[in-house]
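Each reported figure results from applying straightforward, stated rules to the coordinates on display, with no laboratory input. Here the structure is a predicted model, which means the values were calculated and not measured. When we count neighbours, we look across all protein chains shown, and the Cβ atoms used for this are built from the backbone with ideal geometry, even at glycine.
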Amino acid sequence: MRSGAHPTRPPQALALRGLFVLATLGFVKLAQPLLAPILFALVLAVVLVPAVRALRRHGVPEFVGAGLVVAALLGSTVPLAAVLAGPAAEWWQRAPEIVAELAQRLQRLRAAIPGLDAGGPPGSASGPLAERLASEGVVLTGQLLGHGLSFVLSAAATVILLYFLLASEHWLLPRAVRALPRPRQRALVLAGTLAAQRDIGRFLSSLALINAGVVLVLGLGLHLAELPNPLMWGVVGGVLNFIPYLGPVAIVGLLALAGLLAFPDGWMPLLPPALFLAVHAVEANFIAPWFVGRRLVLSPVSVFLSVMLWGWLWGIAGALVAVPVLIGLRAVSQRMPRLRWLGTLLDGRQAQAPGRRLRLPRR
């Protein structure tokens, strides 16, 4: 081998790394009930830890401040969930009727367009579909109750772990970093972790304020449009708006479905999705860039791939944490010499052109 040439990795090493990545993804997917509460608790702790620190500066012990912060979080979310439980249950009970009505409207639409009519009478396909949904209603309800119980257990585990993380954040990170052998490695990991905490907290706090405004404006607009349960749809829009790209698409589809069921004729079924598109256009192009700032801009390709990956792993829960995980990965990789290339790829800011042109050596 010539001097100065970089050694190439053997194919066996690359294959082992690929198998390790696949095994890790499989483990993350299978271990969702265990890992999801831990990851959500870590993300929430990053957002809420400044409040615990502020209380500590005013003489409130950490274990008391953590309890107050967690109690405030539960006091703001549990009543809202209780208010939304009734409309959500009503929509679930009407699922067979909703599907049958949509089938009838689609059949009428096919009959009105030349070449799309299947030849059957309008609504002929809706009866068997509604009967099948009604016969399987017990099974679907049982599955819903099972998922609901799993969600309650995961939420309880998340809240308990969140309290312990907030109550011990003053000494937990320094003790964890102290276990590393080299001082320079400890300094780099500590700097990267603190930067990740700062960036994730700033991003999620800003996005939470923005989406709270989305909930209010969208709910008010849907109320003026006389769509049933406007608060529920506003909250659904605000929650799904945390998911880049795929979230707004899902909201438009859900509001279009709600509009078709609420407004039978004319152009009114297009009003609910049009209201959200207007709100989203203002939020995405003017409000979010001003609140979040250019320092937290990520590469659009990396954001989309992260949402797809975590959505495949954990569904909606994974899509919600895809961007915070990406922000933390970028903050850590930018401060680790071996991972700076990854931080450069994840950074969405446009690189400045070099002042001098790159000259190739003459042969």
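Laid out as a table, the results:
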| quantity | calculated |
| --- | --- |
| Net charge of Cβ neighbours under 13 Å - reference Ala167; Lys, Arg +1; Asp, Glu -1 | 0 |
| For Leu298, distant residues with modelled amide H under 5 Å away | Gly348 |
| Table column - 3J(HN,Hα) (Hz), segment 270-283, Karplus curve with 6.51, -1.76, 1.60, x for Gly and Pro | 7, 5, x, x, 5, 4, 5, 4, 5, 5, 5, 4, 5, 5 |
| Sequence-distant residues sharing a close amide H with Tyr245 (under 5 Å, placed H) | none |
| Inter-label distance, nm, simple model (7 Å from Cα along the C-beta direction), Val78/Ala155 | 1.0 nm |
| Label-point separation in nm, Gln12 to Leu277, each point 7 Å along Cα→Cβ | 5.8 nm |
| Inter-label distance, nm, simple model (7 Å from Cα along the C-beta direction), Arg338/Met308 | 2.9 nm |
| HN-Hα J in Hz across segment 53-70 - Karplus 6.51, -1.76, 1.60, θ = phi - 60°, x for Gly and Pro | 5, 5, 5, 5, 5, 9, x, 8, x, 5, 5, 6, x, 4, x, 5, 5, 5 |
| Modelled FRET efficiency - R0 45 Å, Glu97 with Thr24, Cβ distances, 0.05 increments | 0.50 |
| Highest average packing first - 327-339, 30-42, 230-242, Cβ atoms within 10 Å | 230-242, 327-339, 30-42 |
| 37 °C / 0.692 mPa s Stokes-Einstein diffusion coefficient of segment 167-251, Kirkwood radius on C-alpha pairs, µm²/s | 208 µm²/s |
| By average C-beta atoms within 10 angstrom, highest first, the peptides 265-271, 316-322, 19-25 | 316-322, 265-271, 19-25 |
